[in-house]
Amino acid sequence: MRRAYLGDPTNPANQGEDIREDESTSVFVSNLPSDCLPTHVLMQLRGVGKIWASNFIPPQAPYTTAASKIVFWDRDGLDAFFAKWRHGDFIVSGHRPHVVMNWFRTSSKPPSDESRALTVTGPPEIVELFRLCEFLQAHFHFELEDMIEMPGAPDEGQTTIEVRFASWRAQASKAWSVVRKAIAGVEMPETPMTEREKYLWRSVTVDWAPDPSA
């Protein structure tokens, strides 16, 4: 199974960074339920550490279970996850997954306020669950743990939505960039705006939120 999912470990393209395995932050998770979604895995990762990236792999014949590649922000996160798994506390929809180090190695990232989660606050005409999701989908592909309308927006008449992506890499980081461009009034062909929409976007703010896995 590992070869089918992970590819040829002798191929340099599959080896990642030139670091020792005990420095790597990347794991491979197999024996996930066949109908597993990213949110099912991510919601079982509370209290381990920030996630830099994750990738979910549906069952591939002849295998009947799904798999996932998870890259933690730092080595402490990976070690905490392994401890959770070894203690039998990482269960996904009744399955106890199998966890190994990924052949594709990645090093720890510097500490940062950035994460796979961010909040967007602004007029509900713009900051609304369906509309915000549709806006982001027009710009890039992403997977979610959750998307939540938060209570207690800072100003009356505003809405705050927390978006919990599966990854910081290419997902939360991309969302941050796209939302900032919309706030600045940058023309984007994927999402042409009316003058009123441009006006409303000027009052939107975006902030990093704590990683739910931290």
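Taken together, the values in this text are just the output of simple stated rules run on the coordinates, not laboratory data. No experiment lies behind these values; they were computed from the predicted model shown. Every residue, glycine as well, gets a Cβ built from its backbone with ideal geometry; the counts of neighbours run over all protein chains shown.
Figures for the structure shown
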| quantity | calculated |
| --- | --- |
| Angle between the chain longest axis and helix 75-86 axis [Cα atoms, degrees, rounded to 10] | 60 |
| Cβ-based exposure ranking for 106, 25, in which fewest neighbours within 10 Å come first | 106, 25 |
| Of 154, 38, 124, the one that fluctuates the most in a GNM where the chain has Cα springs shorter than 10 Å | 154 |
| Cα centroid separation - the stretch 135-214 against the stretch 68-124, whole Å | 22 |
| Label-point separation in nm, residue 112 to residue 22, each point 7 Å along Cα→Cβ | 2.8 |
| Total lysine pairs under 25 Å (Cα atoms) in the chain, excluding pairs fewer than 8 apart on one chain | 11 |
| GNM result for the chain, Cα springs below 10 Å: residue of 121, 65, 194 fluctuating most strongly | 194 |
| Per-residue ³J(HN,Hα) for the stretch 136-146, Karplus 6.51 cos²θ - 1.76 cosθ + 1.60, θ = phi - 60°, Hz, x for Gly and Pro | 5, 4, 5, 9, 6, 7, 8, 10, 10, 7, 5 |
| Among (i) 75, 12, 12; (ii) 29, 20, 17; (iii) 34, 18, 17, the entry derived from the coordinates for semi-axes √(5λ) of the Cα gyration tensor in Å | (iii) |
| GNM top mover of 93, 112, 203 - the chain, alpha-carbon springs below 10 Å | 112 |
| Ranked list, fewest to most other Cβ atoms within 10 Å of each Cβ, for 176, 168 | 176, 168 |
| Note, ³J(HN,Hα) from phi for the stretch 33-44, Karplus 6.51, -1.76, 1.60, rounded to Hz, x at Gly and Pro | x, 4, 9, 5, 10, x, 4, 5, 7, 4, 6, 9 |
| Shape call, the stretch 91-135: gyration tensor on alpha carbons, a/c limit 1.5 | oblate |
| Qualifying GluC sites (Glu not before Pro) in the stretch 140-214, DSSP loop, other Cβ atoms within 10 Å at most 11 | 156, 187, 190 |
| Neighbour net charge for residue 37 - beta-carbon separation under 15 angstrom, K R +1, D E -1 | -3 |
